[in-house]
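K.L.:
Here it is: the structure, laid out below.
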Amino acid sequence: MGLLLSGGAVYQDGAFHKLDVLEEQGRIVSISPTLPREGVSVVELHDMLLVPGFVDVHVHLRQPGFSYKETIASGTRAAAAGGYTAVCAMPNLDPVPDTREHLRTQLDLIRRDAKVHVYPYGAITQGEQGGALADLEGLAAEVAGFSDDGRGVQDEARMRAAMVLAKSLDKPIVAHCEDESLLAKGWCVHDGAYARAHGLTGNASESEWRQVGRDIRLVRETGCRYHVCHVSTKESVALIRAAKAEGLPVTCETGPHYLILCDEELQDEGRFRMNPPIRSAADRDALLEGLLDGTIDCIATDHAPHSAQEKSGGLAHSLNGIVGLECAFPVLYTQLVEPGIVPLATLVEAMSVRPRRIFGLPGGSITVGAPADLTVLDLDRPGIIDSARFRSLGRATPFDGWGVSAAVALTVCGGELVYADLREEDTL
């Protein structure tokens, strides 16, 4: 039986239009101002928004190897609750997906347990150790790209070789940019106002942007598609903006926490520690400007769950990483769209459309024949971010307890209803 989503405002070509959308067997089969209701299940959207399903190109599902932090089942349930119909999973796993055999372990778990589409990354180097290259050729057919996320590739010659091979395979290098020679031992926050006020060791912005600059130079030499993870500094934004103006195949992402917070708002709790750290107000403002002018292509949560114990050591002694899949849209809408800082269409493009374009993923439009990967947004749903209710096994988010004015009401993935939080008057 088909599923009719009726009475919603449908996102098409940068604007919203009052349309009905009918899905059958995983595809959109009809779109019209009014569609017949016989023989189908009907959801009344009551002017809620219908957008292409969100995509997060930077998540840590932790399985295989670290299922006490997260599993593919729990992580993709969290994704569905956040409106995501697809995620790209980082290779910080055991075994690291650096060979086809190691990747197969992860793919088998994805096929068995995933609630939404999961596209894994393969490692750039063996074991993500920065030495010999992983089996990029053997991995290429089944990965979204190559990343050593969590560590920057320190050796320039190694990165150049990886880019040359990735270019031949038509796959992107997805880079965690961090020059370890510029990192102070024991850093836990940005090297800025909060670090100085509280006597903490800081992480210098140059540790990120110096490697971004190096890699852009290598892109100029190799022509490799190159995507910068979790951009956090104003200097990185400027370098990427210049690379795009030059016509280089460079894209990037940033996270909700970098767009909303600055280091002056930190609290001495593990839920405020991540890598890269939350930086200065000037960096935050540059990221917002980059999102508005198209330098920042997409928003990715870097969803990185840890156990409660691993996040219990405050800023100085907790592991890096926060969760974000279940609260990204409500927080971004409430903090950026509602005050008029970022247009809603810009947010939808950054969360739904551009990620697919960068990585060649299916969907991204609500048109006849497109995959039925859809998200319904309720912009009149006041609430509180409550990490105790997360589907993720991780609970550490700096947004815990924040008031929000919007919510994800429905997520449809491949035509299947994978999440629903409908009001009483909506019918299914």
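The values are calculated or read from the model by the stated rules, or taken from the named source; none is laboratory data. The shown structure was predicted, so the numbers you read here are calculated from the model rather than taken from an experiment. Quick reminder, even Gly has a Cβ in these numbers, built from the backbone with ideal geometry, and neighbours come from all protein chains shown.
K.L.:
Yes or no: Gly364 part of a loop (DSSP other than H, G, I, E, B), in contact (Cβ under 8 Å) with a residue 40 or more places away in the chain and either in contact with a Lys or Arg (Cβ under 8 Å, 6 or more places away or on another chain) or in the same structural domain as Gly65 (by TED's automatic domain parsing) (or both)? If you could, list the steps in order and put the result at the bottom.
P.N.:
Details: part of a loop (DSSP other than H, G, I, E, B): yes; in contact (Cβ under 8 Å) with a residue 40 or more places away in the chain: yes; either in contact with a Lys or Arg (Cβ under 8 Å, 6 or more places away or on another chain) or in the same structural domain as Gly65 (by TED's automatic domain parsing) (or both): yes.
Yes.
K.L.:
Between Ile124, Ile110, which is at pLDDT 95 or above and more than 25 Å from Gly414 (Cβ to Cβ)? Break it down stepwise before answering.
P.N.:
Working: Ile110 fails: more than 25 Å from Gly414 (Cβ to Cβ).
Sole residue among the options that is at pLDDT 95 or above and more than 25 Å from Gly414 (Cβ to Cβ): Ile124.
K.L.:
So, Glu253, is that one crowded, with 24+ Cβ neighbours inside 10 Å, modelled with pLDDT of 95 or more and in a strand (DSSP E or B) or not?
P.N.:
Working: crowded, with 24+ Cβ neighbours inside 10 Å: yes; modelled with pLDDT of 95 or more: yes; in a strand (DSSP E or B): yes.
In short, yes.
K.L.:
Output the number of residues of region 27-47 satisfying the condition of being surrounded by 14 or more Cβ atoms within 10 Å (Cβ to Cβ) and either assigned by TED's automatic domain parsing to the domain that holds Thr301 or over 22 Å from Phe329 (Cα atoms) (or both).
P.N.:
9
K.L.:
On the given criteria, is Ala195 buried (at least 16 other Cβ atoms within 10 Å of the Cβ), without any contact (Cβ under 8 Å) to a residue 24 or more places away in the chain and under 22 Å from Leu319 (Cα atoms)?
P.N.:
Working: buried (at least 16 other Cβ atoms within 10 Å of the Cβ): yes; without any contact (Cβ under 8 Å) to a residue 24 or more places away in the chain: no; under 22 Å from Leu319 (Cα atoms): yes.
Here the answer is no, as Ala195 does not meet what is asked.
K.L.:
For region 131-142, check the following and say yes or no: at least one residue is assigned by TED's automatic domain parsing to the domain that holds Glu264, under 30 Å from Cys262 (Cα atoms) and either more than 23 Å from the chain's Cα centre (by Cα) or of a type outside the set (A, V, I, L, M, F, W, C) (or both).
P.N.:
In the first step, residues of region 131-142 are kept if they are assigned by TED's automatic domain parsing to the domain that holds Glu264; the result is 131-142.
With the extra rule that they be under 30 Å from Cys262 (Cα atoms), the set shrinks to none.
No - not one qualifying residue is present in region 131-142.
K.L.:
Any chance you could count how many residues in region 198-207 are outside any loop (DSSP other than H, G, I, E, B), crowded, with 18+ Cβ neighbours inside 10 Å and in contact with a strand residue (DSSP E or B) (Cβ under 9 Å, 6 or more places away or on another chain)?
P.N.:
Just the residues of region 198-207 that are outside any loop (DSSP other than H, G, I, E, B), to begin with: 198, 202-203, 206-207.
In the following step, the residues that additionally are crowded, with 18+ Cβ neighbours inside 10 Å were identified as 202-203, 207.
Among the residues that remain, those that are also in contact with a strand residue (DSSP E or B) (Cβ under 9 Å, 6 or more places away or on another chain) are: 202-203.
So the answer is 2.
K.L.:
Could you please let me know if Ala345 is over 16 Å from Gly383 (Cα atoms) and surrounded by fewer than 21 Cβ atoms within 10 Å (Cβ to Cβ)?
P.N.:
So Ala345 fits the description; yes.
K.L.:
Moving to a separate point now. Do the conditions hold for Ser41, that is, is it over 17 Å from Tyr419 (Cβ atoms), among the small types (Gly, Ala, Ser) and assigned to a strand (DSSP E or B)? If you could, list the steps in order and put the result at the bottom.
P.N.:
Numbers: over 17 Å from Tyr419 (Cβ atoms): no; among the small types (Gly, Ala, Ser): yes; assigned to a strand (DSSP E or B): yes.
In short, no.
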